[in-house]
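The values are calculated or read from the model by the stated rules, or taken from the named source; none is laboratory data. Please read these numbers as outputs of a predicted model, since none were measured by experiment. Here Cβ is always computed from backbone atoms with ideal geometry, including for glycine, and neighbour counts include all displayed protein chains.
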């Protein structure tokens, strides 16, 4: 059996799902893979996003927050403090829009999130991401590691979310902290 994550042509809501298989023998005997309501057996979690770090982390102080003052501008993302080298994952699968190095952002990658209209930007990677513009990624795929490249003070991920049409392409940045905290609660 194959399931594409859709229910009657619509993406299934995030949550816990179970496949329950029932077989009836010629004599009427019934075998089930799991009892109805038993979500501990033959079950899996389906989420449309994943927290972008795999390791200990915190959300830093007030200066790490979206909208915090910077020299002549405001902070357009949320900093997530973690040890250098902590694995960094795609919060949402999609297509790589940009990859590069910038004197402020350091090594960075921007992913157009499939079906969301949002772009996700990851900055201060320890090394350039192995992916290039146009590459497709899946949710949870490793895209790099936490670093402190560019104008970074300490090891951290600077994470941004942008509305359509995208990152520096007519969209505007959103405060990513509520989304990060939600993803952190189940990832």
Completion exercise
Per the list (1) loosely packed, with under 11 Cβ neighbours inside 10 Å; (2) on the phi < 0 side of the Ramachandran plot; (3) within 18 Å of the chain's Cα centre (by Cα), residue check on residue 62 breaks on (3)
Exercise for the section: Taking residue 14 as the residue in question, decide whether it is touching a strand residue (DSSP E or B) at 6+ places or on another chain (Cβ under 7 Å), without any contact (Cβ under 8 Å) to a residue 60 or more places away in the chain and assigned by TED's automatic domain parsing to the domain that holds residue 152. Expected result: no
Practice task
Give me a count of the residues in region 172-187 that are in a loop (DSSP other than H, G, I, E, B) and modelled with pLDDT under 95.
Solution key: 1
Handout entry: Residue within region 87-98 that is touching a helix residue (DSSP H, G or I) at 6+ places or on another chain (Cβ under 9 Å), surrounded by 14 or more Cβ atoms within 10 Å (Cβ to Cβ), assigned by TED's automatic domain parsing to the domain that holds residue 133 and closer than 20 Å to residue 162 by Cα present
Key = yes
Handout entry: Single match in 106, 144, 134 (criterion: surrounded by fewer than 16 Cβ atoms within 10 Å (Cβ to Cβ), modelled with pLDDT of 95 or more and either in contact with a strand residue (DSSP E or B) (Cβ under 8 Å, 6 or more places away or on another chain) or assigned by TED's automatic domain parsing to the domain that holds residue 14 (or both))
Key = 134
Fill in the blank from the handout: All conditions in (1) under 17 Å from residue 187 (Cβ atoms); (2) surrounded by 16 or more Cβ atoms within 10 Å (Cβ to Cβ) are true of residue 112 except (1)
Exercise for the section: Output yes when any residue across region 150-162 is under 20 Å from residue 11 (Cβ atoms), modelled with pLDDT under 95 and assigned to a loop (DSSP other than H, G, I, E, B), and no when none is. Expected result: no
